Structures are given as structure tokens and as C-alpha cells.
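The values are calculated or read from the model by the stated rules, or taken from the named source; none is laboratory data. Quick caveat, the model's predicted, so the values are computed rather than measured. Neighbour counts are summed over all protein chains in view; Cβ atoms, including those assigned to glycine, are modelled from backbone coordinates with ideal geometry. Just so you know, the surface numbers come from the protein's heavy atoms only, side chains and all, with ligands and any DNA or RNA stripped out. Shrake-Rupley method; radii C 1.70, N 1.55, O 1.52, S 1.80 Å.
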Amino acid sequence: MLVLGLETSCDDTGAGIVDATRRIRANIVASQLEDHRPYGGVVPEIAARAHLDVIDEVIARALKEAGLSFEDLSGIAATTGPGLIGGVMIGSVTAKAIAAVRNISFISVNHLEAHALTARLTDDVAFPYLLLLASGGHCQLLFVKGVGDYQLLGRTIDDAVGECFDKCAKMLGLGYPGGPLIERVAKDGNASAFDLPRPMQGRTGCDFSFSGLKTSVRVLMEGKVLTPTLIADMAASLQEAIADSIADRASHAFQILEAAGQKVTAFVAAGGVAANQVLRSRLQTVAHANNVVFKAPPPHLCTDNGVMVAWAGLERLRLGWIDGLDAAARPRWPLEEIRRKS
Ligand code: KG4
Ligand code: ZN
């Protein structure tokens, strides 16, 4: 069983190919970073055009890397939401056209489900597991019971954590995307230099909040000359505050599951922010305190890619869940709203 997956929901054009033995046969990602950098964030119209410009080539390169042709594929999957609708349309229409012409099964994939299932490809994690999904657009804790079966435990009540990294990086003059840049400069900084709040710490439930943290960074930076030491110290302090807050919320999620009599096989982190090493080691501590293993895909599979879409497609295909060519492209599509078949 071989599945090609296309990812076009934000600023990466990805094509990946996986097989049922969990082998990654190809992983091509064309980043649009340089196109968006002058604007300090992703511009939807530029993103859509850039996906259109490169998608055919990205698919061709993936097939070449795997040494395969369309005839070898059992399915073709595409992110059909949530995300920037122009990009989502380009990926899904391309996948549907190939599926129609080559007579291959089409699988509609929720971008969040693709992140959520990646650890099953990389680490063979068994259901059920606790998942932290932390990306540029989302921050949530989910109880993952099976493919298409997700229970939301907590989510951000304002900004996504990646958005907080990105906006604070902008204030520090670091550029876009902020998460990896903050992580890099934080290595030389003092994490206790600034006394930042730990949003939601100790509160019941496991919702997140990051907008207050962003405001604190803005207030503390106001009128200051951005020296390398100041930038490094603030980056380290921010990263620490975010890691503390997420660790607290994750501990609460474990308590909620325990109170409900639910056992998990692992604590999994996914999404672009899960690439952060400080966060990963903090989450590992939380997992161990709760007697489960911590798993997170390698950083390049945490950020957006076609492999995760191919894998989610394969998981659905082997359950017989294929989709019609009328499957809708959705800008908004919460994970807990998908059931079995989309
Ligand atoms: O999952 P992703 O690639 O795209 C979305 O679906 O949003 O996540 C992108 C987000 C950005 O906000 C980026 O700054 C953040 O993930 N990110 C990181 C790191 N690498 C990417 N945040 C913190 N540390 C990192 N190393
Ligand atoms: Zn993503």
C-alpha cells in the first residue's frame, strides 16, 4: 500500500509518500519563507500563487525520489482543511485531478489529524494517547482514541502558541517564523532574566492562554534598545514561560484522564512548536511523572510536510475510508468534529 500526500494549507508545499510498513519513501517540502519574509507573516494570496507555481514539480520530485509512478499508488491524499483556503483548494484540486485521471482513491485529510497521527508513523504509538497539538494556528490537548476519534480536553482561549512565538519574535526584531529563531537565540540567554507570567498555571481544566504573555513581552520591551543580550534573555525567558505553562496544562490533562478512568499508552507532541527542544524535554518530564513514554516526531516532521498527510491518508485508506471528489475544502475544521469518515 503506497500513498502520496499533499500539504498546502499554509506556507509549505509538501508532497510525501509512505507505505504500510511505515517507511517514508519520499519527502519533498518547498518552503515559501522568502516570499513572505518581507511582510513578517504569511500573506494568503502570495501563498496560493506560490503553491500553484511549484506543486507539479514538488509531486514529480517526490515520485522520482521514491522511484515510483502514479500507477504504483494505492491512494492520493490531500489536506482539505483547516487552513488558508486558496492553498487548500490548490492541493485538494490537484489531488482530485490526479485521482480522477489515474483512477486512484482520493482521501480527504484534516491537517490537524495529519499532525495528530504522525507519531504512529515515526514511533508506532498505539491508541489511545494524550496529544499536545501545538502549531502556528492551534494549541490543544486531545485524547486520541483512534483514527477519526478525538476528544478535546483543552484548547487556547486566545492565541495559538506558535502565534505567540511569532509575534514576540517580531517584537524582538528576529523575523519570521519566530519559533525556531527564538529557540536559537535563547541558547545564549538567561531564562530567569525576566519575570514573565505562566498563563493559566494552576487553573482547573487544561485550556491555554498566550495573549497576556505576548502583552507582557511588549510592555517589558517598550523603549528598550534591542541588544543581543537583551534579545537572548527575553527569548530564553519567553521560551521558559511557554514551556512551564504548557507543562502545567498537560499535567492537568493527565489528571482529567485519570479522574475519568482513562489510561493512555503515551504522551505525544505534534505540530510545528513541538520541534522546540526545551518544550520537548519539559513534556518528557511530565510524561515520566505520569508513568508513560513521551513521543514526538523528529523536528522536520513536526512542521508542515506531505509525509504526515500521506500517513493520515494511509491510516484512513486501510480502514476503507475513501472520499468522493466532491469533498469540500474547509478553512475551519476542528478535529473533534471529524468522525470516522469525513
Ligand atoms: O505546524 P506548523 O508548521 O504550521 C501550522 O500548521 O501552523 O507550525 C508552525 C509554527 C510557527 O508558529 C513556528 O514559529 C512554530 O511552529 N515553530 C516553532 C519551532 N519550529 C516551528 N516554535 C518553537 N520552537 C521551534 N523550534
Ligand atoms: Zn501544521
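Across the protein chains, with a 1.4 Å probe defining accessible surface, the residues 249, 25, 318 rank 318, 25, 249 from largest area downward. The 3J(HN,Hα) values that the Karplus relation (6.51, -1.76, 1.60; θ = phi - 60°) gives for region 239-246 are, in residue order, 4, 5, 4, 5, 4, 4, 5, 5 Hz. Gly and Pro appear as x. Which of 129, 39, 150 moves the most in a Gaussian network model of the chain with Cα springs under 10 Å? Highest fluctuation of the listed residues: 39. Taking only the Cα atoms of region 74-224, the radius of gyration and Dmax are 19.2, 61 Å. Looking at region 165-252, the GluC sites (Glu not before Pro) that sit in a DSSP loop and have at most 12 other Cβ atoms within 10 Å of their own Cβ are 222. Listed by chain and number, the lysines whose C-alpha is less than 20 Å from the C-alpha of residue 167, apart from same-chain residues fewer than 8 away, are 187, 214, 224.
Karplus-derived 3J(HN,Hα) values for region 170-187, using 6.51 cos²θ - 1.76 cosθ + 1.60 with θ = phi - 60°, are 4, 4, 8, x, 8, x, 10, x, x, x, x, 6, 4, 4, 5, 6, 5, 4 Hz; glycine and proline are entered as x. Based on protein heavy atoms only, region 211-265 ends up with 45 Å² per residue of surface accessible to a 1.4 Å probe.
Using Cα pairs under 8 angstrom and six or more residues apart, how large is the relative contact order of region 60-113, in percent? Relative contact order for region 60-113 comes out at 42 percent. Shape descriptor for region 206-342: Rg over Rh equals 1.05 (Cα atoms; Rh from the Kirkwood inverse mean 1/r).
Expressed to the nearest 5 percent, the antiparallel share of DSSP beta bridges inside the chain is 60 percent.
For region 127-299, the share of DSSP beta bridges that are antiparallel, to the nearest 5, is 60%. Averaging the sequence gap over all C-alpha pairs within less than 8 Å and six or more residues apart, then dividing by the number of residues, gives the chain a relative contact order of 25 percent. For region 149-162, 3J(HN,Hα) computed residue by residue from phi via the Karplus equation (6.51, -1.76, 1.60; θ = phi - 60°) reads 10, 10, 10, 6, 9, x, 8, 6, 8, 9, 7, 6, 5, x Hz, glycine and proline entered as x. Counted over all Cα-Cα pairs of region 127-299, pairs farther apart than 29 Å make up 18 percent. Taking Lys and Arg as +1 and Asp and Glu as -1, the other residues whose beta-carbon sits under 14 Å from that of residue 16 total -1. Here the mean projected area of the convex hull built on the C-alpha positions of the chain is 16.3 nm².
Highest mobility in the GNM of the chain, judged by mean-square fluctuation with C-alpha springs under 10 Å and restricted to 54, 161, 278, is found for 54.
The convex hull built on the alpha-carbon positions of region 123-203 has an orientation-averaged projected area of 7.5 nm². Electrostatic bookkeeping for residue 303 treats Lys and Arg as +1 and Asp and Glu as -1; over the other residues with beta carbon under 11 Å from its beta carbon, the sum is -4.
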